[in-house]
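The values are calculated or read from the model by the stated rules, or taken from the named source; none is laboratory data. Worth saying up front: this structure is predicted, and the values here are computed from it rather than measured. Glycine gets a Cβ as well: all are built from the backbone with ideal geometry, and neighbour counts include every protein chain shown.
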Amino acid sequence: MSLSTRLTERFGIKHPVISAPMAFAAGGALAGAVGAAGGLGLIGGGYGDAAWLDEQFAAAGNQPVGCGFITWSLRKSPEILDAVLARNPKAVFLSFDDPEPFASLIRARSIPVICQVQTVRDAARAIDIGADVVVAQGSEAGGHGERRATMTLVPEIADLIASRSPATLLCAAGGIADGRGLAACLMLGADGAVIGSRFWASREALVHPNMHRAALAACGDDTTRSSVMDIARRIDWPPRFTARVLRNSFTDRWHGREEDLRANADEEAARWRKAWAEGDVDVANTFVGEAAGLIHAIEPAGEILDRIVREAEAAIQGRSRI
Ligand SMILES: Cc1cc2nc3c(=O)[nH]c(=O)nc-3n(C[C@H](O)[C@H](O)[C@H](O)COP(=O)(O)O)c2cc1C
């Protein structure tokens, strides 16, 4: 049995898994390793640093990879999209804000557009503007997102796609870290999974070892969603989006006191950024999802992908309870 789906067919990949374009963490080595193992690997274009992106495309070597952008941030430096399109990426992934006009520019180059959404309304918009793949992201996800849970958001958007645009593909994101999760999202009507946290916990990810250690010691209960990290980093996220991170003394102190934090921003921003660089996980937050509780080792991305797919196949065939 194989897990071929419309996603594997459309993208010419072996496994129905996309590695998430995680800002700072998903560089070319991770995207390339996921691609080499049969998934679709994405570089995290994040807040748009052209020199960093050049390095990361080089690190992916000859392996074809795609790239993701934080859409509201891309609006501030749209020229970065041109530079990435010139590399003929395997796909461009847009998340957080209206995908236009970027989606049209990408599609005009015959490059597939993947739109990650957090609500049914945004899914409808993604379908209307011709997204090739809609990613339904639940709030279990690591990093930024919104409030809906994967379990209901995915089938609701599957129904919307079935009635409005059956050729559009659907992936699930948020909390998928093993074969059970992959099998479940296919059962919910998705064509594949976008996996972030589990690949963040890989050897190839660009993550401070202290943050990896903190995630391995954590369970899903230890995460929280907040905006205080963005206030500390002075990144102006639209208020509807918060980020899931591991709770620590910083979030315990400031979450719910955002105005006080803004009043102390100079001092706290410097403290947070220093802690991030040094891997001081008590001050700087570890960006990881509820899936932290399903992650028990930092392993090569290719091994992680192989195991997830093997487990999912077994789960679907009913051969094992995993
Ligand atoms: C460390 C980290 C950074 C992330 N950065 C981004 C990002 O820059 N752009 C984006 O679209 N999504 C980002 N995400 C969210 C992912 O796209 C995806 O929705 C999420 O990782 C899926 O849930 P999971 O973490 O439970 O696998 C990030 C996730 C993590 C864990």
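Of the residues Asp306, Asp260, Asp280, Asp236, which single one is more than 18 Å from the chain's Cα centre (by Cα), in contact (Cβ under 8 Å) with a residue 60 or more places away in the chain, surrounded by fewer than 21 Cβ atoms within 10 Å (Cβ to Cβ) and not assigned by TED's automatic domain parsing to the domain that holds Phe24? Every option except Asp280 fails the conditions. I want to confirm something. Restricting to segment 230-269 and keeping residues that are under 18 Å from His208 (Cβ atoms) and aliphatic (A, V, I, L, M), which single residue is farthest from the ligand (Cβ to nearest atom)? Of everything passing the filter in segment 230-269, Ala232 is farthest from the ligand (Cβ to nearest atom).
Applying the criterion of being more than 10 Å from the ligand (Cβ to nearest atom) and assigned to a loop (DSSP other than H, G, I, E, B) to the residues of segment 168-182, the residue that is farthest from Pro16 (Cα to Cα) is Thr168. A Cβ distance below 7 Å, combined with a sequence gap of six or more or placement on separate chains, defines the contacts here; from segment 136-153, residues that are closer than 20 Å to Val207 by Cβ reach residues that are within 11 Å of the ligand (Cβ to nearest atom) and part of a strand (DSSP E or B) in the pairs Ala141/Ala173; Ala141/Arg244; Gly142/Arg244; Gly143/Ala243; Gly143/Arg244; His144/Ala243; Gly145/Gln137; Gly145/Arg244.
Looking across Ala243, Ala265, one residue alone is under 20 Å from Phe96 (Cα atoms) and outside the structural domain of Ala183 (by TED's automatic domain parsing). It is Ala243. Ile195 falls short on exactly one of the conditions (1) within 13 Å of the chain's Cα centre (by Cα); (2) more than 22 Å from Ile127 (Cα to Cα), and that condition is (2).
I'd like the residue in segment 183-240 that is among the β-branched types (Val, Ile, Thr) and assigned to a loop (DSSP other than H, G, I, E, B) and, out of all such residues, is modelled with the lowest pLDDT. Among those that are among the β-branched types (Val, Ile, Thr) and assigned to a loop (DSSP other than H, G, I, E, B), it is Ile235.
The requirement of being touching a residue at least 60 places away in the same chain (Cβ under 8 Å), among the aliphatic types (A, V, I, L, M) and not in a helix (DSSP H, G or I) is not satisfied by Ala312. Suppose the filter is of a type in the set (Asp, Glu), surrounded by 19 or more Cβ atoms within 10 Å (Cβ to Cβ) and touching a residue at least 60 places away in the same chain (Cβ under 8 Å); does Glu204 pass it? The answer is yes for Glu204. Checked against (1) of a type outside the set (Val, Ile, Thr); (2) within 19 Å of Thr8 (Cα to Cα); (3) crowded, with 19+ Cβ neighbours inside 10 Å, Met187 passes all but a single condition, namely (3).
Among the conditions (1) within 25 Å of Gln118 (Cβ to Cβ); (2) away from the ligand (no atom under 12 Å from the Cβ), the only one that Gly196 does not satisfy is (2). Residues in segment 6-36 that are in contact with a helix residue (DSSP H, G or I) (Cβ under 9 Å, 6 or more places away or on another chain) and of a type outside the set (A, V, I, L, M, F, W, C): Lys14, His15, Pro16, Ser19, Pro21, Gly27, Gly28, Gly32.
Can you work out which of the residues in segment 241-256 that are assigned to a loop (DSSP other than H, G, I, E, B) and touching a residue at least 12 places away in the same chain (Cβ under 8 Å) is nearest to Lys274 (Cα to Cα)? Quick ask: steps written out before the conclusion?
Here is the first cut: in segment 241-256, the ones assigned to a loop (DSSP other than H, G, I, E, B) are 241, 247-248, 255-256.
From what's left, touching a residue at least 12 places away in the same chain (Cβ under 8 Å): 241, 247-248, 255.
Values: Phe241: 24, Arg247: 18, Asn248: 16, His255: 20 Å.
Only one residue tops the list, namely Asn248.
Cβ-Cβ under 8 Å, sequence separation 6+ or interchain: first residue in segment 170-182 and outside the structural domain of Ile127 (by TED's automatic domain parsing), partner surrounded by fewer than 24 Cβ atoms within 10 Å (Cβ to Cβ). Which pairs? From segment 170-182, no pairs qualify. Within segment 243-290, the set of residues being hydrophobic (A, V, I, L, M, F, W, C), out of contact with any helix residue (DSSP H, G or I) (no Cβ under 7 Å at 6 or more places or on another chain) and under 20 Å from Met22 (Cβ atoms) comprises Ala275, Trp276, Ala277, Phe287. Out of the residues in segment 214-226 meeting the condition of being more than 16 Å from Thr251 (Cβ to Cβ) and touching a residue at least 12 places away in the same chain (Cβ under 8 Å), tell me which one is surrounded by the fewest Cβ atoms within 10 Å (Cβ to Cβ). Here the answer is Cys219. How many of the residues in segment 145-161 are surrounded by fewer than 22 Cβ atoms within 10 Å (Cβ to Cβ) and in contact with a Phe, Trp or Tyr (Cβ under 9 Å, 6 or more places away or on another chain)? Total satisfying the criteria: 1.
I'd like to check something: does segment 92-100 contain any residue that is assigned by TED's automatic domain parsing to the domain that holds Gly142, of a type in the set (Phe, Trp, Tyr), crowded, with 21+ Cβ neighbours inside 10 Å and at pLDDT 95 or above? Within segment 92-100, one or more residues are assigned by TED's automatic domain parsing to the domain that holds Gly142, of a type in the set (Phe, Trp, Tyr), crowded, with 21+ Cβ neighbours inside 10 Å and at pLDDT 95 or above.
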